Amino acid sequence: MPVNQSQADDARAAILERATAAFTDRFGRKPEAVAIAPGRVNLIGDHTDYSEGFVLPMAIDRFTAVAGAVRGDGSVRAGSSREGRVVTLGEVDDEGGWTRYVRGVVDLCAGAGLLVGGLDLWIESSVPTGSGLSSSAALCVGIATLIEMLAGRSLGVMAKAELCQRVEHEYAGVPCGIMDQAVIAGAEAGSAMLLDCRSLGVERVEIDESEVAVLVADTRQPRTLAGSAYADRRRACEEAAGRLGVRSLRDVRDVPGSDDEPMRCARHVVTENARVLAFGEAVNAGQWAKAGEIMNDSHASLRDDFRITGESLDAMVECAQSIDGVYGARMTGAGMGGCAVVLARRERAERVSRELAAAYESRTGRIGEVFAVRAVGGASGFLVSS
Ligand code: GLA
């Protein structure tokens, strides 16, 4: 169902309230600050960010809220409603789980001069995990924003995004690009973000929500970003850049006809960069049919050249593309399961969501979930008055 601005504001307020109440309940005092960070869906430009290319994601009305207060003893205690318990960092057996993100953000913020000593944290989230809507980036940016509030100093949007990207690299072993953290930190409400991953320059691409709806179609086939496919493709892109004698695939215009894996991946990146720019122009001009076609081409390139879609995503996208009222559909994010993104005519959005869920189930036997999202602003934080 399409959501409107006030529903998005209500969702944000409700989750902040839950985080504040749960913090007070668990730690026996009020939080000193709260922060909120959205999830994201990428409209177009996948597997281009780590080749210094173009991406066009938007922040969505699914949120991670973090409530926190400083501790005098230097220890860091964190809990979440998903976990249902509070753990003290350094004392948990499972430092491979979500706590490594807490550890990473706290360490790197301290390294960047945001010293707060110890911390108590409580986390509430409506960003689904394992679906490719960037729950880990929302968690990292949310905690970093909270620490900015407590330290009374801001890192700046892109520096905060880069710090959170380093957490993925150094604490979670995921060699991701900058897209997720950048849009989660810096999005503007009502717009998607056209990001140049080389210069980190951004342009707003307004989404006219009276005309179109952005739908997320979750295949419910879990994906793990740390899985080998992501790192393999990233290596293939680097190999192709080396063979073509450039620093990154951003600098390539034409890919030689060779059909081995690095060159196929390079072809995807080069053509996808062009598609991101063309899609941005089409959206700015309100040319929805054209924008949709470009999304369909993007999916075909990710399927045939980059080979990162997988059966469930192909099924979801094909089902979507055959429904009346859909301009275009493609996988979104890292691929190999997770979600597709669908651009639909606003007045058909509810029907498209229902018809797509039914078509996907009858084709795959799997129950997916299709929901409308809206473009919200990036992370923000607030001090709580005592
Ligand atoms: C994941 C990564 C991003 C990006 C996408 C693919 O979401 O975190 O940096 O590479 O996959 O576009």
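Quick notes on this one:
- Residues located in the stretch 88-115, provided they are of a type in the set (S, T, N, Q) and either surrounded by fewer than 18 Cβ atoms within 10 Å (Cβ to Cβ) or at positive phi (or both): THR88
- Verdict on PHE279 being out of contact with any Asp or Glu (no Cβ under 9 Å at 6 or more places or on another chain), open to solvent by less than 10 Å² (accessible area, probe 1.4 Å), within 16 Å of the ligand (Cβ to nearest atom) and among the aromatic types (Phe, Trp, Tyr): yes
- Only residues that are outside any loop (DSSP other than H, G, I, E, B) and of a type outside the set (Lys, Arg) were counted in the stretch 352-386, giving 21.
- Single residue of ASP324, ASP254, ASP314 found to be at pLDDT below 95 and either surrounded by 23 or more Cβ atoms within 10 Å (Cβ to Cβ) or outside the structural domain of CYS176 (by TED's automatic domain parsing) (or both): ASP254
- Scanning the stretch 336-351 for residues that are farther than 18 Å from ILE367 by Cα and either touching a helix residue (DSSP H, G or I) at 6+ places or on another chain (Cβ under 8 Å) or open to solvent by 20 Å² or more (accessible area, probe 1.4 Å) (or both) gives LEU343, ALA344, ARG345, ARG346, GLU347, ARG348.
- Per-region count, the stretch 332-351, residues touching a Lys or Arg at 6+ places or on another chain (Cβ under 8 Å) and not in a loop (DSSP other than H, G, I, E, B): 2
- Across the stretch 45-87, the qualifying residues are those that are within 16 Å of the ligand (Cβ to nearest atom) and on the phi > 0 side of the Ramachandran plot, and the one among them that is most open to solvent (accessible area, probe 1.4 Å) is GLU52.
- Selected residue [in contact with a His (Cβ under 8 Å, 6 or more places away or on another chain), assigned by TED's automatic domain parsing to the domain that holds ARG330, of a type in the set (Val, Ile, Thr) and crowded, with 16+ Cβ neighbours inside 10 Å] from VAL216, VAL269: VAL269
- Among (1) in a helix (DSSP H, G or I); (2) within 24 Å of LYS290 (Cβ to Cβ); (3) open to solvent by 40 Å² or more (accessible area, probe 1.4 Å), the one test that CYS319 misses: (3)
- Helices (runs of 4 or more DSSP H) contained in the stretch 118-193 and holding at least 3 residues closer than 30 Å to ARG26 by Cβ, at pLDDT 95 or above and more than 16 Å from the ligand (Cβ to nearest atom): 135-151
- The set of residues in the stretch 362-386 that are open to solvent by less than 80 Å² (accessible area, probe 1.4 Å) and free of Cβ contacts under 8 Å to residues at least 24 places away in the same chain contains only GLY365.
The values are calculated or read from the model by the stated rules, or taken from the named source; none is laboratory data. Predicted model only: the values in this text are computed from it and were never measured. Heads up, the Cβs are rebuilt from the backbone with ideal geometry, glycines too, and the neighbour counts pull from every protein chain shown. All accessible areas refer to the heavy atoms of the entire protein, side chains included, with ligands and DNA or RNA removed. Shrake-Rupley method; radii C 1.70, N 1.55, O 1.52, S 1.80 Å.
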